[in-house]
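*Asks:* Sharing a structure with you now.
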Amino acid sequence: MTVFLVNCKSPKVSSVSSDNSEPTSKVETSEEDFIKNNPKALIGKKYQVTQLKDGDALYAFPKNNPIVTFGEEGKLGTKLSKNRCGGNYKAGKVKISFSADACTEMCCDSKEDMAFQGLLSNTFSYKMTSTNLILTNDRTMIRLQLVD
């Protein structure tokens, strides 16, 4: 059994495999931490990626965290450690889907950045808190923190 925990003030991620099957991941927190998902509240906001779990791989971003900017009309911008990327998003009340388009090619981004950018062509369930955006699907959890 494997369990990952994040500090007690933020939602915690657990990955449990009891019978050698594929691990499942879920985000747990008390209900009072969540606010009602509001797709329009994303517009104009910048979030930095603080944690990424994809299958069995857990990535931490100690510095140069990727930044995600939600723009008007479903436009999405990401800033990686070396490159900038563009794309689109479509958010409902429960699900958010991303389509990543093109990136500049200045140099090599970190493996964590590349793992994150590679996941931005997926659909996720999402939950919002006043300072975090948490994206989950069958094998992935991405935690983003609001940037002032």
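Taken together, the values in this text are just the output of simple stated rules run on the coordinates, not laboratory data. Since the structure is predicted, the reported quantities are computational estimates derived from the model, not experimental observations. Don't worry about glycine lacking a Cβ; one is built from the backbone with ideal geometry, like all the others, and counts go over all protein chains shown.
*Asks:* Divide the volume of the convex hull of the Cα atoms of the stretch 35-146 by its number of residues and quote the answer in cubic angstrom per residue. Walk me through the intermediate numbers first.
*Replies:* Numbers: hull volume 9.8 nm³, N = 112.
It is 88 Å³ per residue.
*Asks:* Can you return the lysines within cross-link range of LYS111? Criterion is Cα-Cα under 17 Å, with same-chain partners fewer than 8 residues away left out.
*Replies:* Excluding near neighbours in sequence, the set is LYS53, LYS63, LYS79, LYS82.
*Asks:* Local charge sum around GLY71 (other residues, Cβ-Cβ under 14 Å, Lys/Arg +1, Asp/Glu -1)?
*Replies:* +4
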